[in-house]
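Contents: one structure, followed by commentary.
Readers should treat all values here as calculations from the given coordinates under stated rules, not as data from a laboratory. In this text, all values refer to a predicted model and were calculated from it rather than measured experimentally. A quick note on method: Cβ atoms are made from the backbone with ideal geometry, for glycine too, and the neighbour counts reach across all protein chains shown.
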Amino acid sequence: AQTVTQSQPEMSVQEAETVTLSCTYDTSESDYYLFWYKQPPSRQMILVIRQEAYKQQNATENRFSVNFQKAAKSFSLKISDSQLGDAAMYFCAYSQYTGTASKLTFGTGTRLQVTL
Amino acid sequence: DSGVTQTPKHLITATGQRVTLRCSPRSGDLSVYWYQQSLDQGLQFLIQYYNGEERAKGNILERFSAQQFPDLHSELNLSSLELGDSALYFCASSVGASPKAETQYFGPGTRLLVL
């Protein structure tokens, strides 16, 4: 079964600085999707960024970018110019397709604090 | 706003009772997924429906059941509730059931408290 590991339960970053959240996963599949979701105190799950495994190029969304290392099964999230509104739980997720269905497998999350 | 709606937002009930959680997917989305978020189990996939048909099952208890109706809204039924069922239940939707361009958008969740 696929597993997703986030080894950093908590991280802290100063406003305007850059922080990187780590994620590793285990799979025997070659074609899959990886996601980062943000969960602020409101508990809403908000999509941050998506990476397609067959694409070599790392995904970027404004201040958010990923470092996708397929061979190492690593998928880290870099947040540049951190803002107070970035404070949240961040979940890494793997999308598994079983031929007729898909589901997300989540990591345990990293709580990001943003300080002044 | 993801476009996925869930009702109710909060639900407080007693052990042994039965509740129904409702989800309306984004316009045009055919797939609906249910997830449970609890302190001890984290975020877990429960079940997926695509255009009215069950497509995948995760760690869903036998006391739980779901269905997707012709108008594509979905309901998650939880029965014989136990204290451990207290959690945040999310519904998500996506366009289809293929791996290409599959992004799941989440609703705001229903917070269930079993007393």
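For chain B, the dipole from Cβ point charges (+1 on Lys and Arg, -1 on Asp and Glu) about the Cα centre works out to 100 debye, to the nearest 20.
Using only alpha carbons, chain A has a radius of gyration to Kirkwood radius ratio (Rg to Rh) of 0.97. Full extension of the segment from A:LEU116 to A:SER74, taken as 0.36 nm per residue of separation minus the current Cα-Cα distance, would add 12.1 nm. Applying the criteria of a DSSP loop state and at most 12 other Cβ atoms within 10 Å to the GluC sites (Glu not before Pro) of region B:11-63 yields B:GLU62.
For the pair A:SER30 and A:GLU10 in one chain, pulling the backbone fully straight at 0.36 nm per residue adds 4.2 nm over the alpha carbon distance.
For the pair A:GLU61 and A:ILE46, label points projected 7 Å from Cα toward Cβ lie 1.0 nm apart. Please work out the C-alpha center-to-center distance from region B:15-42 to region A:8-22 and express it in whole Å. Distance between centres, Cα-based: 31 Å.
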